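See structure below.
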Amino acid sequence: MAAAGLGPARLFLGRRRGALRALLGLARGLASGPQTHFGFQNVSEEERREKIYQVFENVAEKYDVMNDSMTLGIHRVWKDILVHKMNPSPGTLLVDVAGGTGDIAFRFINYVRSIRERQLQQKLKRHQNLSWQEISKSYEEEKVKPLGDSQVVVCDINKEMLKVGKQRAQHLGYSEGLSWVLGNAEELPFDDDKFDVYTIAFGIRNVTRIDLALQEAYRVLKPGGRFLCLEFSHVSNPLLSRLYDLYSFQVIPVLGEIIAGDWKSYQYLVESIRRFPPQEELKEMIEDAGFFKVDYQNLSSGIVAIHSGFKL
């Protein structure tokens with residue numbers, strides 16, 4: 001009888017222990033801060049920030065080579081389309097957030113330079129009776145200000161990515177109108193109403209609080225300023241989507257291991273694309289941050305999308 005009487009007691013104690021474990025798990029979760037995801041893992045926001053920082057510290061040296069390998073070089077076309085969509089004019093002040101290795105910044109500089117050169121040629125055509133001294137003076141002025149007061153500020157949270165970007169700039173001969181700033185997209189180190197254009201290319205997916213990053217983008221833009229985001233998105237074609245998944249999960253991590261010696265970082269990058277909000281949801285988030293005339297353009301059947309909005 002005594003042994004039989006232990007059954008309910010054991011059940012009661014077991015339930016209490018289970019409830020206690022659940023409470024302890026909840027307490028640990030609360031202590032570590034709000035929960036989010038790192039790829040397909042559930043982690044705290046602080047842990048996610050640390051892990052993402054480590055990912056880009058690990059891949060910085062091979063980042064551009066891997067971009068070419070993963071996208072078969074198509075990322076260059078996507079970035080060209082972004083800058084042409086921006087259509088900056090001489091005098092434009094751009095902040096490129098998460099722009100570490102300088103791809104968007106260098107394209108911006110090239111674009112503005114080409115516009116300045118065209119403007120000079122048109123000016124000389126209109127004044128064909130200019131003396132050679134006046135023509136020479138015009139070219140000298142162009143040399144002094146080849147960007148016409150345009151500037152681009154590359155802001156990135158990762159020191160290693162900025163280091164690689166600065167090395168590339170030096171190697172390629174970019175210096176005029178270019179600066180590098182260590183900063184967090186969720187808390188930008190800039191004054192309000194400072195920039196004409198804000199770009200973020202393949203970076204917002206790695207921001208822990210996208211809502212905060214969008215609010216900061218809105219804050220630092222001048223009234224009339226433009227927000228442009230280039231990011232991996234969601235493929236609309238079912239057949240292409242299956243092929244894309246196969247390539248992403250079976251090929252990209254292998255390339256990461258072969259080229260960069262880092263399977264895990266590229267496995268995360270693939271998983272992070274799948275966890276990123278689809279086009280319409282990101283559009284709504286941008287609108288919630290205060291932007292107007294928000295739209296998006298799918299590229300390569302939605303493998304990537306460019307979202308655009310204005311601060312009015």
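The values are calculated or read from the model by the stated rules, or taken from the named source; none is laboratory data. Values in this document were obtained by computation on a predicted structure and should not be read as measured data. Note: ideal-geometry Cβ built from the backbone for every residue, glycine included; neighbour counts use all protein chains shown. These area figures cover heavy atoms from the full protein model, side chains too; ligands, DNA and RNA do not enter into them. Shrake-Rupley method; radii C 1.70, N 1.55, O 1.52, S 1.80 Å.
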Pairing a residue in region 154-183 that is more than 15 Å from Arg49 (Cβ to Cβ) with any residue that is part of a helix (DSSP H, G or I) and open to solvent by 90 Å² or more (accessible area, probe 1.4 Å), where Cβ atoms lie under 8 Å and the two sit 6 or more apart in sequence or on different chains, gives Glu160/Glu61; Val164/Glu61; Trp180/Lys166
Quick one: which residue in Val181, Val154 is farther than 26 Å from Leu120 by Cα, surrounded by fewer than 17 Cβ atoms within 10 Å (Cβ to Cβ) and in contact with a strand residue (DSSP E or B) (Cβ under 8 Å, 6 or more places away or on another chain)? Val181
Pull up region 74-96, narrow it to residues that are under 18 Å from Tyr174 (Cα atoms) and of a type in the set (A, V, I, L, M), then point me to the one that is most open to solvent (accessible area, probe 1.4 Å). Leu93
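Which of the residues belonging to region 232-258 are assigned to a helix (DSSP H, G or I), open to solvent by 50 Å² or more (accessible area, probe 1.4 Å) and in contact (Cβ under 8 Å) with a residue 60 or more places away in the chain?
First, pick out the residues of region 232-258 that are assigned to a helix (DSSP H, G or I): 238-250, 252-258.
Going one step further and asking which of them are open to solvent by 50 Å² or more (accessible area, probe 1.4 Å), we end up with 238-240, 242-243, 245-247, 249-250, 254, 257-258.
The answer is Leu240, and nothing else.
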How about region 178-227: which of its residues are in a strand (DSSP E or B), within 16 Å of the chain's Cα centre (by Cα) and under 21 Å from Met161 (Cα atoms)? Trp180, Val181, Leu182, Asn184, Glu187, Tyr198, Thr199, Ile200, Ala201
Pairs where the first residue, in region 209-223, is within 18 Å of Lys283 (Cβ to Cβ) and buried (at least 22 other Cβ atoms within 10 Å of the Cβ) and the second is at pLDDT below 95 and not hydroxyl-bearing (Ser, Thr, Tyr), C-beta under 8 Å, 6+ apart: Ala213/Val207
Answer yes if at least one residue in region 106-123 is open to solvent by 60 Å² or more (accessible area, probe 1.4 Å), at pLDDT below 75 and among the polar types (S, T, N, Q), and no otherwise. no
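With the structure loaded, tell me whether Tyr268 is aromatic (Phe, Trp, Tyr) and free of Cβ contacts under 8 Å to residues at least 60 places away in the same chain or whether it fails that test.
Details: aromatic (Phe, Trp, Tyr): yes; free of Cβ contacts under 8 Å to residues at least 60 places away in the same chain: no.
Against the criterion (aromatic (Phe, Trp, Tyr) and free of Cβ contacts under 8 Å to residues at least 60 places away in the same chain), Tyr268 does not qualify.
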